[in-house]
Every structure is written in structure tokens, then in C-alpha cells.
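Undergrad: Just passing along the structure, written as C-alpha cells.
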Amino acid sequence: MSKAISMTAASPHTTNWRDYLAMCKGKVVLMLVLTAWVGVALAPDMGRSWVLQAISLFAIGLLSAAAAVINHIVDREIDIKMARTRHRPVALGKVSEGKGFAFAAVIGAVGFVALVASSNWLAAVLTLFALVGYAVIYTMFLKRATPQNIVIGGLAGAMPPLLGWVSETGQLAAEPWLLVMIIFTWTPPHFWALAIAREADYRRANVPMLPVTHGIDFCKTCVLGYTVILALVCVLPYLIGMSGLFYLCASTLLNGVFIAYAWALKFDPEHRSAMTVFKFSILHLMLLFVALFIDKWVFYVA
């Protein structure tokens, strides 16, 4: 009997809190919260306390985590077939679909209520729309339907700066949409670089990512093209007076390196070139938004 109990306890299908945490995609959520925080920082000062701002950002993070959990559930059959994702809790059967949906519903509801209480209805509704856009429209439909899935569905993942701004002001404005446009333009080269590195996985899972449907070489061209477009879009906050010279210099440097990596991927690739582009893209976005914050609060005087 004790042996049977021991074997059950050691079962790879035993669920613990780490499995639920893994489903939340913590690193991705932290990046989303960072960009939302910059949206708060760049918004006009409305006299809100830092406590309310922190609760609003935490609530946005909870709704983002709920979307990530739903993504794990919906993509279970795809994840099983891919080396990168086959160890996810739902794919392994460590968390059932029912428990996953219940968990997503709870943290999503808590996030929505907290955002209404600490901020405003507009921010809460827009965040909920972003959740639906990623977890339902992108994950359930676009991802399986078109090689432009990342381009079309990228808008949902680009929303956090706008959500942060609206949580502070309660109003839509042109400025945060520029931040959305930056992330929207950044998303294709970021994900396509990963798709190039994992092309065999996506092909095996029958997911119509661009390198699968149009070939790796064409996808490399698109990665390079989007990095150039991204560099141009990143100039816009400076041109409209939203940011200053520090941001412009940081943006120019970061985008120059991004283009150089994308150029090497296209014309002088090595074995790890695609993953190099993918990993740098994450650092690029993080440093770009940190530069926006530093520019606003240290160097730039409106």
C-alpha cells in the first residue's frame, strides 16, 4: 500500500501550484505589465496614488495571465506536438481543461473587478477586449487559419501601453496609440524569428506560420522588412514631442542593432541566428520602454 501511495505521489501528472503559475506565462505577463506601466508614466498626471496605479497594473497582469491560461488550454493539441511546448501543464495532463478554465475565470474576474475599483470601466472593458482578442480571436481562429496570424492578432498583445494610459486618465488619446503601434510592428519580427527557429515544430503541428507556408527565406525577408518599419515607427514619439533626445538616441541604437541582427539572419545566417534575433527582440522592447520612461522622468521637459 505504501509503495502504491509513493508511486502516486511521484506521478508526473500530480498538480501543484507551480503548474498553475507556469500557465500564466509569467515572463510574458511581466513584459506586458512593464509596457502598461510606461503607459501610466507617460500619461498626464491625474493625481492618482501609486497604490491605485499598482493595483491597476496588477489587475492588467491578472487579466493577461488569464488569457495565457486559456491559450494553454486551447492550444493543448498543438503543444503536444511541439518540442518547445510539450512540457506545458495542460499538454502533459497535469492540469485538466476544466480546472484550467476555472482558474482563468477566477483570476480574470478578480483582475476585472480590481481594475474597475482602482481605475475605471473603460480600462477594464478594453483590457477584457484584449483578453478576448488574444485568447479567442487569435488563439482559436487566426493562429490556425492564416500565416498572417501574428500580424492581425498582434494588436491584442500590443494594447498594454494604451491600457495603462487609460487606467490613469479614463480617456483615449493619440499618444498611447503610438506606443501600441510600436509593439504591433515589433511583434512580427519577434515571433517570426522564433517560427524560423522552430519551423519543424510548427510544420509537425500543422500551424500555418509564415516560414511553413511561404518558406524560411521569404520569412527572413519579412523579418528584415519589419525591423526597418519598426525603426521608422519608433521615431514618431519624438517627432510629435511625446519624448525627447534621450529616447531618440536609445531608440536609434536599439533599432540599429535589431536591423543588423535581422540583416545577418537574411544574408549571413549561422545556426543560431534566428534565436539570436528572437532573444534580442525581447531585450529590445524592454529597453525601448525603459528608455521612454527615463526620457520622461529624467531628461525630457515638456
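Undergrad: Report the gain in length on full extension from Asp217 to Lys279: 0.36 nm times residue separation, minus Cα-Cα distance, nm rounded to one decimal. Kindly include the intermediate steps, with their values, before the conclusion.
TA: Values: separation 62, 0.36 × 62 = 22.32 nm, distance 1.96 nm.
That pair, Asp217 and Lys279, stretches by 20.4 nm at full extension.
Undergrad: On to the next question. Order the peptides 191-203, 261-273 from the highest to the lowest mean number of other Cβ atoms within 10 Å of their residues.
TA: Working: 191-203: 21.2, 261-273: 15.9.
The peptides rank, most packed first, as 191-203, 261-273.
Undergrad: Would you please state which residues of region 171-202 a label at Lys27 would reach in this model, taking the label point 7 Å out along Cα→Cβ and a backbone N cut-off of under 16 Å?
TA: Inside the label zone: 190-195, 197-198.
Undergrad: Normalised by the residues of region 15-171, what does the relative contact order come to in percent, with Cα pairs under 8 Å and at least six apart? Let's see the in-between values first.
TA: Values: 218 pairs, mean separation 56.7, N = 157.
The normalised contact order for region 15-171 reaches 36 percent.
Undergrad: Would you list the P(r) distribution for the chain, with all Cα-Cα distances sorted into 10 Å bins from 0 and each bin expressed as a whole %?
TA: All Cα pairs considered, the percentages come to 6, 26, 32, 24, 10, 2, 1, 0.
Undergrad: Is any residue of region 45-73 close enough, with backbone N under 16 Å, to a label point placed 7 angstrom from the Cα of Val116 along the Cα-Cβ axis, and if so, which?
TA: 56, 59-60, 63
Undergrad: A further question on this structure: Could you give the DSSP H helices of the chain that reach 20 angstrom or more along their long axis (alpha carbon positions) and whose average Kyte-Doolittle hydropathy is no lower than 0.5?
TA: Working: long enough: 26-42 (24 Å, 2.08); 50-74 (36 Å, 1.85); 97-118 (31 Å, 1.57); 174-197 (36 Å, 1.17); 216-233 (25 Å, 1.78); 245-267 (32 Å, 1.43); 273-294 (31 Å, 2.07).
For the chain, where a helix must reach 20 Å along its axis and average at least 0.5, the hits are 26-42, 50-74, 97-118, 174-197, 216-233, 245-267, 273-294.
Undergrad: Once the convex hull of the alpha carbons of region 173-302 is built, what does its volume come to per residue, in cubic angstrom?
TA: Details: hull volume 13.0 nm³, N = 130.
For region 173-302, the hull spanned by Cα atoms encloses 100 Å³ per residue.
Undergrad: Something else now. Can you give the translational diffusion coefficient of region 127-191 in µm²/s, computed by Stokes-Einstein from the Kirkwood radius over Cα pairs at 20 °C and 1.002 mPa s?
TA: Numbers: Rh = 12.2 Å.
This corresponds to a translational diffusion coefficient of 176 µm²/s.
Undergrad: Rounded to whole Å, give me the distance from the Cα center of region 219-236 to that of region 39-108.
TA: So the two Cα centres are separated by 28 Å.
Undergrad: Against the 2.2 N^0.38 Å scaling, with N counting residues, where does region 15-171 land? I'd like the Cα-based Rg ratio to two decimal places.
TA: Working: Rg = 15.8 Å, N = 157, 2.2 N^0.38 = 15.0 Å.
It is 1.05.
Undergrad: Where does each of 249-258, 62-71 land if you order them by average Cβ count within 10 Å, highest first?
TA: Values: 249-258: 18.0, 62-71: 26.1.
Order by mean packing, descending: 62-71, 249-258.
Undergrad: Hey, could you get me the Stokes-Einstein D for region 107-248, Kirkwood radius over alpha-carbon pairs, 20 °C and 1.002 mPa s, rounded to whole µm² s⁻¹?
TA: Numbers: Rh = 16.6 Å.
Here the translational diffusion coefficient equals 129 µm²/s.
Undergrad: At a threshold of 8 angstrom on Cα-Cα distance, excluding pairs fewer than six apart, so keeping six or more, what relative contact order does the chain reach in percent? Numbers along the way, then the final one.
TA: Details: 438 pairs, mean separation 57.5, N = 302.
Computed value for the chain: 19 percent relative contact order.
Undergrad: Can you tell me the FRET efficiency between Arg86 and Thr14 if r is taken as the Cβ-Cβ distance and R0 is 30 Å, rounded to the nearest 0.05?
TA: The value I calculate is 0.95.
Rule-based calculations on the coordinates, nothing more; no lab input. Predicted, not measured: the structure shown is a model, and the values here were computed from it. Reconstructed Cβ throughout: ideal geometry from the backbone, glycine too, with neighbour counts over all protein chains shown.
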